[in-house]
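Just so it is clear, none of the values below were taken in a lab; they were calculated from the coordinates. All values reported here derive from a predicted model rather than from experimental measurement. All Cβ positions, even for glycine, are placed from backbone atoms using ideal geometry, and neighbour counts span all protein chains on display.
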Amino acid sequence: VRMPHDNRLNFAYEAQVAERNREDTTRTHDDRYAIEWKNQSMERISTRVKVQSLQRRADVASATLGTDPTDPAYLQRTLMRYDVTALHQTQVKLGVDVAAASNLDLGAEVVLKKNHYTDTVLGRTYDERHELYLTLAYGDMRTLRISAFAGWELVRYDSTHRNISAGTCPIIAPSLTPSPCFDPAQPATTTVYNWSATDRDRTRTAGLGFDWPAGDRLMVRGSFIWTRAEGAVAVNPQTLTTGA
């Protein structure tokens, strides 16, 4: 869509169906929607904003495994792998490019992404990513061009798990029947319970590079990249009916 005053608006839709030879998921259907706005009304500055939404549906092959909640295979009904399970994703990108001076270019980009795994009971239920990148390039490619960048990434993952400290379900007295321990909806006991985790990772990256035409048929390039990653995890177990 062409708009006046050096503005451009783009719409996109993509549908993708994948047949999978997997025991957990046999088929996924992705619907991706995107809208992007680009502005170049200022002589030396261009901006862009992109919003994208992804809706994924999945045919879960493991939904009928196990005869009942005392069967270990029953647990596979609620255990989803995040790479192919049902998903609702929202992503926003903001970018700015500036021709600050002769042979000097600056850039910045912000990325925000959130994933909700809508059908997951056990496994990754949510994650989000915040990214910031800054770039600088100075010089003439005919003589010497120097480039640099810096980046920050903050990532959070939420997940739910189940602990079963026995090969088979414990016996319930006085009926002497096995408990439905492979059902995550059951109340917690001292040996069978759910627990959740939140992982938070932070990554910082910086880089410096150059392009030097040493001759008519010789280009010399070099780069140095530094990265530091840190993370922590918070674990929260399910509580008993007594509060323990």
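Below are the figures for this structure:
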quantity	calculated
Mean projected area (nm²) of the alpha-carbon convex hull when the range 109-244 is viewed from all directions	13.4
Whole-Hz ³J(HN,Hα) from phi, Karplus 6.51 cos²θ - 1.76 cosθ + 1.60, for the range 164-177, glycine and proline x	10, 8, 6, x, 10, 5, x, 7, 8, 8, x, 6, 6, 9
Alpha-carbon centroids, the range 6-25 and the range 151-183: separation in whole Å	34
Segment Trp37-Val233, extension gain: residue separation times 0.36 nm, minus the distance between their alpha carbons	66.8 nm
Coil-residue trypsin sites (Lys or Arg not before Pro) of the range 1-76, DSSP, other Cβ within 10 Å capped at 16	Arg20, Arg22, Arg44
Length-normalised contact order for the chain - Cα pairs under 8 Å, 6+ apart - percent	13
Correct choice for semi-axes √(5λ) of the Cα gyration tensor in Å that was computed from the model, options (i) 48, 22, 14; (ii) 51, 23, 17; (iii) 28, 23, 21	(ii)
